[in-house]
Amino acid sequence: MAYGIEPNESAADGLRRVALEQLDQAIDNASKPGMERDKAVHDVRKCMKKLRAVLRMARAELGEHTFRTENACFREAAKRLSGVREAAVRVATAEKLQTHFAGQAIDVFAPLLDTLRAQAEAVRQEYLDQGDALSEVAAVLRDARARVDDWPLTGRDFAAVANGVRRIYRQGRRGLRITGKKATDDHFHEWRKAVKCLWYHARLLESTWPAMMGALVWELDVLGDALGEDHDLADLRSALATRPELAGGLPASETIMRLSAQRQDELRRTARSLGTRVYAEKPRAFVDRLGVYWKSSHASTPD
C-alpha cells in the first residue's frame, strides 16, 4: 500500500502497517541477490528515513524509551550504508553543478569528476563487494520488525499524532527563522532535516484531503530538494577546501568552490521564499487545520 494512513484506519493501525511495510521493503531490497547494489543502498536508506518519520509522528504514543531505541536502530542502519551513498551523491552534485554552469563554458570539472568517480567506485568495492553491509543491515531490520507488534501504539484519532506533527512543524518554522538571521551551512542543514520529516508527515496524512495535502506534499518536496542540493554543495565545498587536489589543484578548486557558493545563494533564496509560505501558520493553527481534515476524512470510520 501507499506510504500513508488510510481513511479507514486508526492512527495506531495505520502507522504500524506503514512501519511493517517499510521494514519489509528494506529487508527485501537488502537481501535481493540480483539487485543492483547502489540502488539497494539508496532504497534501504530511503526506507529508514520513512521509518524515522513514523517514529517522530508517533513519539508521544511510543514513549521516549521506545522512540529512542528504534530511532537509533534505524539511524545506525542507514549510517552503515552512508559511505556508499555519500560518495555517489558527491559525484552527482559535481555533475549537476557542471550542467548548471555549462553555458559559461567553464572547463574545470573534468579532473574533479574523474577523481570523485574513482573514489565512489573504491568505496562501493570496500563497503559492498568485499563486505557484507547489506546483509548485516537486513539482519538488524529483521530483529526490528519483530518488535513492531510490541510498539505501544493505541491511539485511534488525530490526537495520537498531533504532538509529533506539531513538534516537527515547529522545528521547521524555527529553522526558517534562524537561517534568515544567520545563513550558515549547519543551520540550513538542520532546517532541511525538519522540512524532509514534515514532507513525510504530510504524505502520511495526504489521504485526509488529497487536494490540500497533496499541494503541501509538493511544496515540501520542492523545498526539500532545494535544501538538499544546498547541503550537497556545502559538502562539496568543504571537501575542496581541505583537499584542492581533488579538482586537480588550487585554481580549479577555487573556481568550483566559487560556483558552488553562487549556486547555494540561488537555492537559498528559493528555499526561503517557498519556506515563508509553507510555514506561514503558527504551529497550533497548522496542526488544528490538519486535525479538521482528519476528522472529516475519518467521520464514517467505525469506532
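The label point for D265 and the one for A183, both projected 7 Å from the Cα toward the Cβ, are 0.8 nm apart.
Rounded to the nearest 20 debye, the dipole size of the range 222-262 about its Cα centre is 200 debye, using +1 on the Cβ of Lys and Arg and -1 on the Cβ of Asp and Glu. What whole number of Å gives the distance from the Cα centroid of the range 160-175 to the Cα centroid of the range 51-129? Here the two parts' Cα centres lie 25 Å apart. Pairs of Cα atoms in the range 12-136 fall into 10 Å distance bins, from 0 up to the last occupied one, in shares of 12, 34, 26, 19, 8, 1 percent. Against the chain, whose longest principal axis is taken from its Cα atoms, helix 185-204 shows a tilt of about 40°. This ranking places I178, I256 by how few other beta-carbon atoms lie within 10 Å of each, fewest first, which gives I178, I256. In this Cβ point-charge picture (+1 for Lys and Arg, -1 for Asp and Glu), the range 1-103 has a dipole of about 460 debye about its Cα centre.
Under 25 Å of direct C-alpha separation, and excluding same-chain neighbours fewer than eight residues apart, K46 reaches these lysines: K32, K79, K96, K193, K196. For the chain, the 222 nm mean residue ellipticity estimated from helices alone, with every DSSP H stretch of n ≥ 4 adding -39500 (n - 2.57) and the total spread over all residues, rounds to -27000 deg cm²/dmol. The gain in end-to-end length when the A139 to A122 segment is fully stretched comes to 3.6 nm, 0.36 nm per residue minus the alpha carbon separation. Measuring r between the beta carbons of R156 and K32 and using R0 = 30 Å, the FRET efficiency lands at 0.25. Just so you know, the Rg over Rh for the range 149-265 is 1.14, from Cα atoms, with Rh as the Kirkwood radius.
Under 8 Å for C-alpha pairs, at least 6 residues apart: give me the relative contact order for the range 11-297, rounded to a whole percent. Relative contact order here is 23 percent. Normalised Debye scattering of the range 80-203 at q = 0.16, 0.17, 0.19, 0.20 Å⁻¹ gives log10 I(q)/I(0) of -1.09, -1.10, -1.11, -1.11, counting only Cα atoms as equal scatterers and leaving out solvent.
A Förster radius of 25 Å combined with the Cβ-Cβ distance from K295 to V222 puts the calculated FRET efficiency at roughly 0.30.
Distance between the C-alpha centres of the range 183-208 and the range 277-294: 15 Å, rounded to the whole angstrom.
Taking R0 as 25 Å, what's the FRET efficiency between E245 and E95 from their Cβ-Cβ distance, rounded to 0.05?
Here the calculated transfer efficiency is 0.80.
In the calculated pair distance distribution of the range 1-80, what percentage of Cα-Cα distances lie above 15 Å?
For the range 1-80, the fraction of Cα-Cα distances above 15 Å is 57 percent.
Note that the chain carries a Kirkwood radius of 20.8 Å, evaluated over its alpha carbons pair by pair.
Quick note: the coordinates plus some simple rules give every number you see, no bench work behind them. Here the structure is a predicted model, which means the values were calculated and not measured. No Cβ is skipped: glycine too gets one built from the backbone with ideal geometry, and neighbour counts run over all protein chains shown.
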